[in-house]
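Trainee: If you scroll down you'll find the structure; I have some questions about it.
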Amino acid sequence: VKSFGECPVDDEREKKPYGVVFFRPGVSPRAKKIKLFFFAAMSLIILAQGFYWLFANFAKPIIFGMPFSMFFIVALVAIQFVLLLLLYLFESKEMKD
Amino acid sequence: MGWILTLTVIFAYLFIVLFLGCFGGKGREKSVEEYVVGSRSFGPVLMYFMLGGSIFSAFSYLGAPAWAYSKGGAAFYILAYLSLGMVPWWLWGPLLSRVGRKYNYVSQAQLFADRFQSKTLSVLIAIVCVIASVQYVTLQMKGGGYIFELASGGRIPFWAGALIGYLIVIVYVFVGGVRGIAWVDICHSTLKVGTAWVLGLYVVFKLYGGPTNMFAKIVAAKPTHLLIGPGTAMSYAEYTTIVLVSVLGFTMWPHLFMRAYAAKSERVLKKTIVLYPTFAIFLVPILFIGFAGILRVTPDKLGSADKILPYMFTSISLSPFVVGIILAAALSAAMSTQDSITHTAATIFVQDFLEIFRKKKHTGKEAAMWIRIFVIVFGLVAYSVAIFGGQSLVELLLGAFGTIVQLLPLLLAVFYWPRATRAGAIVGFVTGAIVNNLVAFQVIPNPWHINAGIQGLIVNTVVLVIVSLLTKPMDLQHVRRFTDL
């Protein structure tokens with residue numbers, strides 16, 4: 001079996017050479033799990049921003065000087081920032097400079 | 001005589017900008033790689049400010065408060081999409097950086113043309129990007145002309161104001177290239193964020209005693225103004241699809257796309273993405289200024305909602321010096337987008353259009369010189385559109401924005417789907433662009449108010465997949481150059 005870095009080449013890749021490539025060759029299973037987790041989390045934030053009106057289309061209560069809907073959107077921005085920071089810390093070891 | 005002090009402040013700021021822009025790139029080599037992507041050496045500070053500077057344009061500084069004033073809750077979409085816009089870059093930003101470094105790309109179309117082995121695609125993308133850029137720069141120039149007119153009390157006519165802004169931008173883009181733009185953007189962004197927070201909160205506290213009191217009064221007077229949905233300025237479907245299409249298409253803008261090539265490393269790129277949402281928070285006080293106008297100014301008194309920000313500041317009797325700083329900040333918002341897009345459009349025109357038709361390619365130095373020449377030409381075209389009417393032309397070009405988003409399926413195919421073929425990419429892109437424009441110009445009815453760009457994206461993706469599966473796959477070794485990065 002040919003190998004790229006630490007991991008053996010996926011058999012699926014050899015069977016379906018033109019199949020969709022979700023991960024680059026050589027990505028470890030742990031890194032794949034972490035990437036998938038953050039992908040799901042960020043997708044949820046994007047959907048929550050797009051569909052905020054399902055949960056937070058209210059003007060009151062006014063929190064931190066903002067109507068509730070605006071506060072909800074700003075809170076999502078803050079969560080997004082924290083998630084991205086965590087992802088950066090997780091991935092920082094494997095990044096190429 | 002206050003207008004003299006106001007104008008002095010603005011011109012002093014322009015002098016600083018000119019100095020930074022011209023000397024930012026001093027002593028660097030004259031290659032096209034240096035002029036366009038800063039020799040791929042930008043660190044996190046330059047990247048952060050350059051992205052922030054080019055995104056927070058006259059639209060966010062003058063347009064966002066106008067939306068808050070006139071459309072209320074619909075304005076929150078600006079906050080949502082600007083904070084999320086860079087998130088998808090986590091997936092393909094590092095790949096772009098790697099591929100750009102490996103194959104020496106400096107423009108967006110070079111990547112697509114190489115992967116799909118198509119000069120047609122390069123020319124198509126170049127045309128769409130340049131057309132979209134003309135419109136964008138025209139709007140910024142109009143913003144500049146309007147600011148000088150206001151600052152001088154009408155003594156500097158609109159055409160002269162737009163011309164001053166145009167000349168300043170052209171000089172430092174011509175001399176300093178992308179490095180000059182990056183240094184200027186640090187200056188622009190600091191001024192914009194500073195004035196937004198200090199003066200935005202000042203207006204709200206002075207007029208209402210604080211934001212809580214302001215919003216309580218707005219809710220009492222106009223209970224649905226801060227909401228979206230039936231009976232408001234934006235439907236649910238419109239809101240959701242505009243956020244989704246903006247997030248998905250944000251990084252397809254050629255000037256942002258090309259910034260990935262300028263980053264020093266993947267670490268720098270990811271640091272920039274992490275820090276980016278902090279720029280979105282800058283919009284909060286800017287939106288407050290628009291909301292502050294709701295109970296203070298009637299629409300007929302204002303004329304156009306876009307004038308709400310300067311109107312609010314002039315109505316609370318600030319000193320001419322402070323007014324000068326505010327107007328310089330508004331001007332910086334217009335210039336920071338104008339410089340990036342002018343630079344990008346000239347690069348695209350030379351690299352992805354002219355070079356395609358030449359048998360003998362330019363050397364790096366020659367290409368850099370041609371890009372500089374087209375910086376001037378492109379600026380002149382945009383200035384002419386801004387001055388000699390052109391309103392209908394601007395309206396005609398509106399569909400170009402949604403067309404840019406149609407590059408997304410191609411990008412995903414480049415990095416994630418080896419089976420995508422040249423025919424699939426071209427037919428998908430063209431079909432998506434046509435659908436977007438037909439919906440945008442209401443040739444195709446849009447009863448559910450679903451964003452035209454997202455309708456184009458869906459059709460584009462389906463067509464790309466079907467046509468690719470029906471045509472012969474491209475050479476595996478070639479396509480794996482992009483999927484195995």
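Trainee: What tally of residues in the stretch A:55-66 results from selecting those that are over 17 Å from B:PHE282 (Cα atoms), surrounded by 17 or more Cβ atoms within 10 Å (Cβ to Cβ) and not polar (S, T, N, Q)? Reasoning before the result, please.
Mentor: Looking only at the stretch A:55-66, we keep the residues that are over 17 Å from B:PHE282 (Cα atoms), and these are A:55-63.
Then drop every residue that is not surrounded by 17 or more Cβ atoms within 10 Å (Cβ to Cβ), which leaves A:56-57, A:59, A:62.
When the remaining residues are screened for being not polar (S, T, N, Q), the result is A:56, A:59, A:62.
Final tally of qualifying residues: 3.
Trainee: Given the condition surrounded by 14 or more Cβ atoms within 10 Å (Cβ to Cβ), facing another protein chain (nearest Cβ under 7 Å), without any contact (Cβ under 8 Å) to a residue 24 or more places away in the chain and farther than 30 Å from B:MET474 by Cβ, answer yes or no: does some residue in the stretch A:31-48 qualify?
Mentor: So far as the stretch A:31-48 goes, yes, one or more of its residues are surrounded by 14 or more Cβ atoms within 10 Å (Cβ to Cβ), facing another protein chain (nearest Cβ under 7 Å), without any contact (Cβ under 8 Å) to a residue 24 or more places away in the chain and farther than 30 Å from B:MET474 by Cβ.
Trainee: Look through the stretch B:82-114, keep the residues that are over 30 Å from B:VAL284 (Cα atoms) and among the hydrophobic types (A, V, I, L, M, F, W, C), and return whichever of them is farthest from the other protein chains (Cβ to nearest Cβ).
Mentor: B:ALA109
Here is a yes/no grid of residues against (1) in contact with a Phe, Trp or Tyr (Cβ under 8 Å, 6 or more places away or on another chain); (2) of a type outside the set (Gly, Ala, Ser):
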{"site": "B:TYR236", "(1), (2)": "yes, yes"}
{"site": "B:TYR239", "(1), (2)": "yes, yes"}
{"site": "B:VAL245", "(1), (2)": "no, yes"}
{"site": "B:ALA263", "(1), (2)": "yes, no"}
{"site": "B:PHE282", "(1), (2)": "yes, yes"}
{"site": "B:VAL297", "(1), (2)": "yes, yes"}
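Trainee: Restricting to the stretch B:427-485, name every residue that is within 17 Å of B:VAL414 (Cα to Cα) and assigned to a loop (DSSP other than H, G, I, E, B).
Mentor: Matches in the stretch B:427-485: B:THR471, B:LYS472, B:PRO473, B:MET474, B:ASP475, B:ASP484, B:LEU485.
Trainee: Say we look at the stretch A:49-90 and pick out the residues that are more than 7 Å from chain B (Cβ to nearest Cβ) and not hydrophobic (A, V, I, L, M, F, W, C); which of these is farthest from B:SER41 (Cα to Cα)?
Mentor: If we take residues in the stretch A:49-90 being more than 7 Å from chain B (Cβ to nearest Cβ) and not hydrophobic (A, V, I, L, M, F, W, C), then A:PRO61 is farthest from B:SER41 (Cα to Cα).
Trainee: Using beta carbons and a limit of 9 Å, which pairs, at least six apart or on different chains, have the first residue in the stretch B:60-75 and more than 10 Å from B:ALA233 (Cα to Cα) and the second one open to solvent by 10 Å² or more (accessible area, probe 1.4 Å) and acidic (Asp, Glu)?
Mentor: Pairs found: B:LEU62/B:ASP306; B:GLY63/B:ASP306; B:PRO65/B:ASP306; B:ALA66/B:ASP306.
For every residue, the table says whether it meets (1) open to solvent by 10 Å² or more (accessible area, probe 1.4 Å); (2) touching a Leu at 6+ places or on another chain (Cβ under 7 Å); (3) at pLDDT 85 or above; (4) not in a loop (DSSP other than H, G, I, E, B).
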| site | (1), (2), (3), (4) |
| --- | --- |
| B:LEU269 | no, no, yes, yes |
| B:LYS301 | yes, no, no, yes |
| B:SER317 | yes, no, no, no |
| B:ILE325 | yes, no, yes, yes |
| B:ASP352 | no, no, yes, yes |
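Trainee: Out of B:ALA263, B:ALA330, which single residue is in contact with a strand residue (DSSP E or B) (Cβ under 9 Å, 6 or more places away or on another chain) and open to solvent by less than 10 Å² (accessible area, probe 1.4 Å)?
Mentor: It is B:ALA263.
Trainee: Looking at the structure I just gave you, is B:LEU227 within 11 Å of chain A (Cβ to nearest Cβ), open to solvent by 30 Å² or more (accessible area, probe 1.4 Å) and not in a loop (DSSP other than H, G, I, E, B)? Lay out the reasoning, then the answer.
Mentor: Working: within 11 Å of chain A (Cβ to nearest Cβ): yes; open to solvent by 30 Å² or more (accessible area, probe 1.4 Å): yes; not in a loop (DSSP other than H, G, I, E, B): no.
Criteria not met by B:LEU227.
Trainee: Sticking with this structure for a sec: For the stretch B:428-439, indicate whether the set of residues that are more than 25 Å from the chain's Cα centre (by Cα), open to solvent by 10 Å² or more (accessible area, probe 1.4 Å) and at pLDDT 95 or above is non-empty.
Mentor: Taking the stretch B:428-439 first, the residues more than 25 Å from the chain's Cα centre (by Cα) are none.
There is no residue in the stretch B:428-439 that is more than 25 Å from the chain's Cα centre (by Cα), open to solvent by 10 Å² or more (accessible area, probe 1.4 Å) and at pLDDT 95 or above.
To keep it simple, each residue is scored yes or no on (1) more than 26 Å from B:PHE321 (Cβ to Cβ); (2) in a helix (DSSP H, G or I); (3) among the polar types (S, T, N, Q); (4) at pLDDT 85 or above.
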{"site": "B:VAL17", "(1), (2), (3), (4)": "no, yes, no, yes"}
{"site": "B:VAL36", "(1), (2), (3), (4)": "yes, yes, no, no"}
{"site": "B:SER54", "(1), (2), (3), (4)": "yes, yes, yes, no"}
{"site": "B:SER60", "(1), (2), (3), (4)": "no, yes, yes, no"}
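The values are calculated or read from the model by the stated rules, or taken from the named source; none is laboratory data. For clarity, every value in this text was computed on a predicted model and none was experimentally measured. Backbone-built Cβ (ideal geometry, glycine too); neighbour counts: all protein chains shown. For accessibility, only protein heavy atoms count, side chains too; no ligands or nucleic acids. Shrake-Rupley method; radii C 1.70, N 1.55, O 1.52, S 1.80 Å.
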